[in-house]
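Nothing in this text is a laboratory measurement; each read-out follows from the coordinates by a stated rule. Quantities reported herein were computed from a predicted structural model and do not represent experimental measurements. Ideal geometry is used to build each Cβ from the backbone, glycine not excepted, and the neighbour counts take in all protein chains shown.
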Amino acid sequence: MNEHCDPRPVVWEKLQAGLLAPHLKAVSRELSERGYAITSSNYALRLFAALGAWLEPSSHTVLDLNEAILDAFLAERYQTHQPHRQDRAMLAFFLACLRRTGVLVPRPECPDLHPTAPIREAFRAHLINQRNLAPETVSTYLDTVTRFLDWRFGVQSPPVLSALSAEDVNAFMLEQARRYGAGHTQLIASALRGFLRFLLQYGILAIDLAQAVPAPARRQLAGLPKFMPPEDVERLLASVDQTRPQGLRDEAILLLLARLGLRAGEVARLRLDDLDWEAREPVIRGKCARVERLPLPWDVGEALSRYLREARPACITRQVFVCLRAPRRGFQAGNAVGTIVRRALARADLHPPHQGAHLLRHSLPTRLLREGASLVEIGELLRHHNLDTTRIYAKVDEPSLRRLAPPWPGGAQ
């Protein structure tokens, strides 16, 4: 057994005598690697011992284990035992471990029987292989396509895609514009255009319906970037409890957002191999699979080093930022980073209208402009590939705008 677990002798005897004995060493090791506490690991082993004892008088073997058999085991167990909140999670973990180690055949994926599944899968492959879009963008595009096809065809099987018309496109976009703001409607329009061009490219449509997608009324640079003043950013950073592992992790994340202007997904994707300590330049994996380097400020480097040395738990993932509770795994997407920012804002008693991770990305250029940085320098830091994207920050450069404003006729007002 793994030293991470310390079952009682009576449990150990049951484990050694049960049908599951040959597999428990691997399961125990994986419990340890995934960061489960000793109490949780020992409870899991007791549960597995009970499962082995339940299997013995039955006609089932280890090779028969599946979700249905585990449900039957729990149903019978709950006749004499109180349900435990970890039961189903631990049994699912055990089953997954047996499948990963080759003891059981991997669970077959449930086929998507929706009528539009084949065309959605083909479009997904197109977005990944041909357009090289980020996973988050692919998910957003597929969500839009699913809603559009369900809206147009319902349960019709199979959907007659060649019957799509400009009227369908306009009616769908009009409905979306009533439901969402201009920014999100613009994103829906981009996804729909991409799908319609895909249908044209593969000969499913005879005409280019992408041209029929109306452009949402959103004038360039019409809005203002949502940002926090520098003193609020520093107050946010100071609110982190650096005496706890979670605080050390959150401090490193917040500094990456506030000092380098990284996007939430870029922070989540950061890997240990991306940290070039000798050059002091982390490798950033940005939009459209772009790989770029940025200089590492000393305070960000100190926070990262402290987190890696003192707070990051030992685990098998190479991602820098991981969940501190078992099962320990890397952040799946930028949503986890956004959650950390929102919790930090609440802890610092800050209540800006926009509370996502992008708030700190917008706050950085605003501060740099007021300190005298040029738009070109800011665009390079934020890795904008078009200077027009950076120009919006000129609207919040109050000192420069004040110098440009002509005097009020008749004197100061």
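Here are a few things to note about the model shown:
- Given +1 at the Cβ of Lys and Arg, -1 at the Cβ of Asp and Glu and no other charges, the dipole of the chain around its Cα centre is 460 debye to the nearest 20.
- For the range 117-212, the Cβ-based charge dipole about the Cα centre amounts to some 120 debye (Lys, Arg positive; Asp, Glu negative; other atoms uncharged).
- Ordering of 375-385, 352-362 by packing [mean C-beta count within 10 Å, highest first]: 352-362, 375-385
- The loop-placed GluC sites (Glu not before Pro) in the range 229-309, going by DSSP, that have at most 14 neighbouring Cβ atoms within 10 Å of their Cβ come out as 278.
- Gaussian network model of the chain, Cα within-10 Å springs - most flexible of 349, 64, 232: 64
- Separation of the range 231-274 and the range 329-370, taken as the distance between their Cα centroids, equals 9 angstrom.
- The C-alpha atoms of the chain define a longest principal axis, and helix 245-260 lies at about 30 degrees to it.
- Summarising the amide proton neighbourhood of residue 271: residues at separation of 5 or more, or on other chains, whose placed amide H is nearer than 5 Å comprise 320.
- Most positive-pole-ward Cα, 211, 305, 362, against dipole of the chain from beta carbon charges: 362
- The residue among 351, 327, 337 whose Cα reaches farthest toward the positive pole of the charge dipole of the range 230-400, with charges on the beta-carbon of Lys, Arg, Asp and Glu, is 327.
- Nearest-20 debye value, the range 55-208 charge dipole, Cβ charges on Lys, Arg, Asp, Glu: 440 debye
- Net charge of neighbours whose Cβ lies under 13 Å from the Cβ of residue 175, counting Lys and Arg as +1 and Asp and Glu as -1: +1
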